[in-house]
Structures are given as structure tokens and as C-alpha cells.
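Everything on this sheet refers to the single structure shown next.
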Amino acid sequence: MAELNQLIGALNHAADVIEENKQHLTELDGAIGDGDHGINMSRGFSFVKKTLDEGGFQTPADLFKKSGMALVAHVGGASGPLFGTAFLRASMALKDKTEINSEDYISILKAAAEGIKMRGKSQAGEKTMLDALIPAYEAGETALSQGKDTQEVLQAVKAAARTGATDTEKLVAKKGRSSYLGERSLGHQDPGAASTALILGAIADYFAAL
Amino acid sequence: MAELNQLIGALNHAADVIEENKQHLTELDGAIGDGDHGINMSRGFSFVKKTLDEGGFQTPADLFKKSGMALVAHVGGASGPLFGTAFLRASMALKDKTEINSEDYISILKAAAEGIKMRGKSQAGEKTMLDALIPAYEAGETALSQGKDTQEVLQAVKAAARTGATDTEKLVAKKGRSSYLGERSLGHQDPGAASTALILGAIADYFAAL
Amino acid sequence: MVGIVLVSHSRKIVEGIKELASQMSKDAPVALAGGTDDDRLGTDITKISSAIHDVYSDDGVLVFFDMGSAYMNAQMALDFLEEDSSKVEIVDAAFVEGAITAIVDSGLNKSMDEIKADIASMKLGKMP
Amino acid sequence: MVGIVLVSHSRKIVEGIKELASQMSKDAPVALAGGTDDDRLGTDITKISSAIHDVYSDDGVLVFFDMGSAYMNAQMALDFLEEDSSKVEIVDAAFVEGAITAIVDSGLNKSMDEIKADIASMKLGKMP
Ligand SMILES: Nc1ncnc2c1ncn2[C@@H]1O[C@H](COP(=O)(O)OP(=O)(O)O)[C@@H](O)[C@H]1O
Ligand SMILES: Nc1ncnc2c1ncn2[C@@H]1O[C@H](COP(=O)(O)OP(=O)(O)O)[C@@H](O)[C@H]1O
Ligand SMILES: [Mg+2]
Ligand SMILES: [Mg+2]
Ligand SMILES: [Mg+2]
Ligand SMILES: [Mg+2]
């Protein structure tokens, strides 16, 4: 599926998509949180881009580790330690692989979700980024088991993440800022789920366009 | 014992004594509190002096009320509402009396102590101003019952307040800032008890010098 | 909406809490009484009274405080209040955490009783 | 003396708490991590790590935080700590009240365990 250079390209594209959607993400967070998710993610991914520009990565694991550290250090909100941990767990899952295939991709999404669960003491159904990420890797697993090719797996992940994010509208927030609102969080999409869907969508789009 | 003018004189003298002991009171509070009791009292009593200078009091009750309000408004620490309430209770106890005798004096000290207990949810033995004020009015009651004259009553009050304040060194603080220190408050005099002894001492001295 | 008053010895603390909570709740009426009238660490009954005045309505006012002496001054302010003091309540709750919950709740149009229920678990026994 | 670290989304809140507590305890080692690295409301793992570093000793460090996401960043900081992180503990306690008690206690040379016992009744279940 991808070597180091393509992974760098994919992350760069994800960063661009986040930047394009900064306003949108901030509006989602303004409705049920503190209105900074777009700012947080834009800032975090601008440092990811800086990291990507600096280069010098030994392995995909190294790339994910350095990108995760950029998020951890510069996001400033809950999404910092959460996406940061996700990237670091992805890095650990990759060990010293020099390229990754579609199975690796699904494994690192799963590892990322485990990291978020651990860091956020959270689980599916609490109206968080997990509600995009978990259905996404599950759809990927299904696609893999059906023998789908890499592009199909990536598209399945993208579609399921998007649906998962939209479906957070039906959930009552149990974690993070929006949990202060209780029932009033219904009808609104979780910003972290939305950004997760954007990132996974950007990755799929990048490889589709290669 | 005293008409309006002499009461004004006595309070003015008390204010001067507080000002002279500003540093000392602050040091006492520095040892077991937040080190502002001298500043608080000095500031409060400077506004009492202003009130006294403005004059226009109808009755002793009016004098105590306006002085109490000056303390309430300008002390800034716990001693503000506490001494303020003490003065206001004294005012209420006086009703429309035009002069006060030594029995009235003891009654208003008792009323003042009740006010502090109510406001501070406190009682004797907790290392507060009450541990100077309660023995003071009790000594006054004893002196009265022994048929002592006004000067003797005032001196008995002064002496008991002073002893009470010194004896707070043997108490563990249960109320206010110094209660954070627990046992470590032992061996230190309570600043509010010290200022109470200064005020009652100044009043006795003022009338002794008339 | 229920008015929220924050009484602290420190102006910075109440300004910080208000900033933090306003991000999550733009509309809740919040008024601050931090520091003494000469801007030292301490509390000021005049600031407290006017803070209550600023956010007073028939929906009621909840007053949060940092430490015991702030409570005494808040009580004193209630004694002299021009408004109906039966609608104003000083609450025993963790200062930052209780205030943020109450401000968000007020912005959601919750009643005094609903807000008090939400912060009931944050009691600390702070009254002197 | 036990080091005390205050982590908040707001720089003002931690500065205010420190001012307040220092009046009562001049010597306790207190370090602040308030706001993001670009001084917005939020928390910063680098600030947290260096605050821990500043007050670290064998007596240990207690870390107080305002809200859940501050906790996550504090945990993250512990994961990457150069110092022995077994001596550093993030505590679930009312922020202002717990921090003041802990700072005064540290100034009295109380141990980590003694301080934790003193603030045990201020638990709020704040961990996410
Ligand atoms: N405990 C948690 N577990 C998983 N995700 C969480 C948790 N807390 C918050 N989130 C995610 O973080 C997002 C908010 O991120 P952001 O706005 O950047 O941080 P903050 O809430 O600190 O302002 C939420 O939309 C949610 O998806
Ligand atoms: N609950 C209380 N009941 C009676 N007196 C109290 C109480 N709390 C504090 N005090 C008195 O107030 C004094 C401290 O006053 P001050 O230093 O001016 O205020 P603060 O403690 O707010 O800085 C104490 O020495 C004590 O005598
Ligand atoms: Mg946010
Ligand atoms: Mg935020
Ligand atoms: Mg003091
Ligand atoms: Mg003070």
C-alpha cells in the first residue's frame, strides 16, 4: 500500500484538509463544547506539517511517532493527548516495518483506538472520536475479510468513519466538554468524530489519487 | 460612663492604637495566617476615623452602626464581617439610649460576641477573637456583680482581654486561616484576639485618662 | 436564567473561571467579586452586593466562594441586600468545578434547584 | 518538601491560586502550568513537564488539575517524564481548595501521604 514517502504525502494531505475545515470544526465545537476544536487541530497539524517538512524519518513508525509528538505538544485541548496517543500507538504497532499494507493500516487504526480508550477512559457510544474510529476499523476488517483490495479497504474506512461521525448526532455525550450538556448534546455532531472522519477520508483520497 | 462625644473619643483612640500596632498584628497573622490582619484592621479603622470625623450621629447606636459599616466595607478579611457584625450588634443592643453606663458596656460586649459567634459559626476555645472577647465581658460581669465602679469594670475588661489573647497561644486553631495549620498554630497568639485586646485596652485607657 | 456570582480573594481566579466557562456558555449571567476594594487579596462586600445586583432576576442567584472569610462577607452582603435575598443562595461547592457546572447549566436554562442538584456532589463543607 | 504543580486551562486561575496560597505558605515549592503554549485557554504538556521538573524532589510531587482534558495532558506528561514518575501523582481534588490545602501542608513539611489524607475528602471524580 505505502512506503514512507507516500505516508508523508498522506499525512500532509490530511493536514491540509484539517486546515480547510478549521472553521467547520470550530463551529461544531462551539455548539456543544468550547469552540476551539478547529483551532486546536489546525495548530496541531501545522506542527505536523513542519515535522513532515523537516523529514529525516527512519521508518513509518518514526514518522508516526514524531507526528504524534507534534500533536501532543501543540494541540492544547483534549484532542491533543488523544490524537497524540493514537499516533504513538500506531507507531508502536508498526515496529520496524518499512512499508505498510492494508492489513497494517487496519491494525494501526485499531491500535490507535485502543490508545484513545486508554487515554480518555472512554469507549464506543460516548459521542467521541471513537464513534468514528471504531466503526471505521471495523469496516476495514470486514472489507479485508471479504478479500477487498487496498483502495476498497481505504474507501470502506472512509465511508464508515463519515457515517459514524454523522451518527454521533444521535448520541448523548458522556465524555469531554460536551458531557456538561447532557441531553442538549443530542442533534449535534461530535467535533472529534468529525475531524477523525476528515483525516481518514483524506488518507483514502490521497491513495485513490496516486 | 459616657455620652456620644466620649464614645467618639474612645473609638478614635482605639483606631490610633490599631494603627500603631499595624506591624505587630501583621506579624502575628504572618506566623499563622496570611499576614494581612494589621493591614486589614488599619485600613478598616482608618475608615472608622473618617466616619467619626464626618460626625452627625444621632445616638450611640447610630455611631456604632456607622462605624461597623465602615469596618464591614473596608477591612477585606474575615475580621471585617466579624468586627463589623460585632459593632452592628452593639448598635442594636443600645437601641435609643443617649448615654451608656458600665452595665450597658458589658451588655454590648456580650451582644458583640454573640454576633461574632453567629457570623463566624464559632465559639470559645477555637483560637479566635472570641477568646479575648468572651473572657473580657465575663470579667466585666464579675466586676459589676462585685459592685466595682466604671473604671474598675473597664480595667477588668482590659486585663481579661489581654490575658485571653495571650492564652490563645495554648489553643489549636479551629476557625479561619490558621486552622489550616492545625497543631502548628500552637505557641502563636491569634491576631484577631490580639486586636480585640488592643481595642478594649484603648477604650479603658481613654476613659481612665478623662 | 439563574445568575452566577463568583466571590474570591483573588481577582485573577474569578476572571479565569469566567473566561473558561464563557467558552462553553455565552449567555449565562455571570458576575465577579474578586479582591478587595483596594485590589489586595481579600473580599469586598460592596463588590459582592453589586455583583449580585448585576445578575439578579426572579430566577435566582447562586453565589460561589473560595474560602471561609469570603463566605462571611457574602453572608453580610445578603443581610444588606436591596433585592429579595430569599432568591439568593450561597452554595457550598468546589469553587472552579461547581462554578463551571453552574454557568453551563444556567446557560441551558436550568432552574436553581436543577443546578443545585447538579453540584450537590461537589460539597466540601466549606462554610466556616 | 512535596512539590505542588497546578495545571489549568487558564493562566490567571493558577496565578491567583499561587498568590493566595503563598500568603499562607512562603516556602512550599509550587509550579504553574496554565494555558497553552500560544497562551490560549488550554493545557500544554511542555509547560506541565517543566513545572514538574521545577518542583521535583525525592519527597514527591502532587499535580492538581482543573478539568478532564488537563488530566489527560498531565498523564501524557508523566508518560514522557525524565524524572522518576512513580514519585509524581495526579490527584482528584477540588482545584482551588485542594491546592491551597496541599500548598500549606507542604510548607509544614508534611509528606505526600499526609497531604493526600488531608485532601481525601475533596475528591470529585474528575478523572475522565
Ligand atoms: N475522554 C475522551 N475520550 C475520547 N475522546 C474524547 C474525550 N474527551 C474529549 N474527546 C474528544 O475530543 C474532542 C474535543 O477536542 P478539543 O475541542 O480539541 O478539546 P477540548 O475539549 O479540550 O477543548 C471531542 O469532540 C471528543 O471527540
Ligand atoms: N470563623 C471565625 N470566627 C471568629 N473569628 C474568626 C473566624 N475566622 C477568623 N476569625 C478571626 O479573624 C482573624 C483574622 O482576621 P484577618 O487576618 O483580618 O482576616 P483573614 O483571615 O481573612 O485574612 C483571626 O485571627 C481570628 O481571630
Ligand atoms: Mg474544544
Ligand atoms: Mg478547549
Ligand atoms: Mg489574615
Ligand atoms: Mg486575608
Exactly one condition in (1) more than 10 Å from every other protein chain (Cβ to nearest Cβ); (2) farther than 17 Å from A:Ala112 by Cβ; (3) more than 15 Å from ligand 3 (Cβ to nearest atom) is false for A:Ala73; which is it?
(1)
Given the conditions (1) over 14 Å from the mean Cα position of the chain (by Cα); (2) under 22 Å from C:Ala94 (Cα atoms); (3) more than 16 Å from ligand 2 (Cβ to nearest atom), report the number of the one that D:Leu20 does not fulfil.
(3)
B:Phe45 vs. criteria over 17 Å from B:Leu198 (Cβ atoms) and of a type outside the set (Asp, Glu):
no
Considering residues that are in contact with a strand residue (DSSP E or B) (Cβ under 9 Å, 6 or more places away or on another chain), surrounded by fewer than 23 Cβ atoms within 10 Å (Cβ to Cβ) and in a helix (DSSP H, G or I), the number found within region C:102-127 is 3
When region C:12-23 is examined, which residues are found to be in contact (Cβ under 8 Å) with a residue 40 or more places away in the chain and either surrounded by fewer than 21 Cβ atoms within 10 Å (Cβ to Cβ) or among the acidic types (Asp, Glu) (or both)?
C:Ser22
Candidate set from region B:184-198 (those that are under 12 Å from the mean Cα position of the chain (by Cα) and either buried (at least 24 other Cβ atoms within 10 Å of the Cβ) or within 14 Å of another protein chain (Cβ to nearest Cβ) (or both)); member that is nearest to ligand 5 (Cβ to nearest atom):
B:Pro191
May I ask you to list the residues in region D:85-128 that are under 13 Å from D:Asp59 (Cα atoms) and among the small types (Gly, Ala, Ser)?
D:Ser85, D:Ser86, D:Ser106, D:Gly107, D:Ser111
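Taking region A:72-82, which residues are among the hydrophobic types (A, V, I, L, M, F, W, C), touching a residue at least 60 places away in the same chain (Cβ under 8 Å) and part of a helix (DSSP H, G or I)?
Answer for region A:72-82, where residues must be among the hydrophobic types (A, V, I, L, M, F, W, C), touching a residue at least 60 places away in the same chain (Cβ under 8 Å) and part of a helix (DSSP H, G or I): just A:Leu82.
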Got at least one residue in region C:36-54 being within 30 Å of A:Gly33 (Cα to Cα) and surrounded by fewer than 22 Cβ atoms within 10 Å (Cβ to Cβ)?
yes
Would you check if there is a residue in region B:91-98 being within 16 Å of ligand 5 (Cβ to nearest atom) and not polar (S, T, N, Q)?
no
With criteria (1) out of contact with any helix residue (DSSP H, G or I) (no Cβ under 6 Å at 6 or more places or on another chain); (2) among the acidic types (Asp, Glu); (3) away from ligand 2 (no atom under 16 Å from the Cβ), C:Asp39 comes up short on (3)
So A:Ser91 fits all but one of (1) part of a helix (DSSP H, G or I); (2) more than 14 Å from chain D (Cβ to nearest Cβ); what number is the exception?
(2)
The correct count of residues that are farther than 21 Å from C:Leu41 by Cβ and either touching a strand residue (DSSP E or B) at 6+ places or on another chain (Cβ under 8 Å) or part of a helix (DSSP H, G or I) (or both) in region B:20-58 is 8
Quick one: A:Ala14 ticks every box in (1) away from ligand 4 (no atom under 16 Å from the Cβ); (2) surrounded by fewer than 23 Cβ atoms within 10 Å (Cβ to Cβ); (3) of a type in the set (A, V, I, L, M, F, W, C) bar one, so which box is it?
(2)
Show me the helices (runs of 4 or more DSSP H) entirely contained within region C:7-95 in which 3 or more residues are within 14 Å of chain B (Cβ to nearest Cβ).
C:45-55, C:68-79
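One line per residue, one yes/no per condition, for (1) within 14 Å of chain D (Cβ to nearest Cβ); (2) crowded, with 16+ Cβ neighbours inside 10 Å; (3) away from ligand 2 (no atom under 16 Å from the Cβ):
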position	(1), (2), (3)
B:Glu3	no, no, yes
B:Leu7	no, yes, yes
B:Gly38	yes, yes, no
B:Arg43	no, yes, no
Which members of region A:173-210 meet the condition of being under 15 Å from A:Val153 (Cα atoms) and among the aromatic types (Phe, Trp, Tyr)?
A:Tyr206, A:Phe207
D:Ala99 being touching a helix residue (DSSP H, G or I) at 6+ places or on another chain (Cβ under 7 Å), under 18 Å from D:Ala28 (Cα atoms) and either surrounded by fewer than 21 Cβ atoms within 10 Å (Cβ to Cβ) or modelled with pLDDT of 95 or more (or both):
yes
A careful count of residues in region A:166-183 that are within 16 Å of ligand 3 (Cβ to nearest atom) and assigned to a helix (DSSP H, G or I) gives 6
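The values are calculated or read from the model by the stated rules, or taken from the named source; none is laboratory data. Being a predicted model, the structure only gives us computed values, none of them experimental. With ideal geometry, Cβ positions are generated from the backbone for all residues, glycine too; neighbour counts draw on all protein chains shown.
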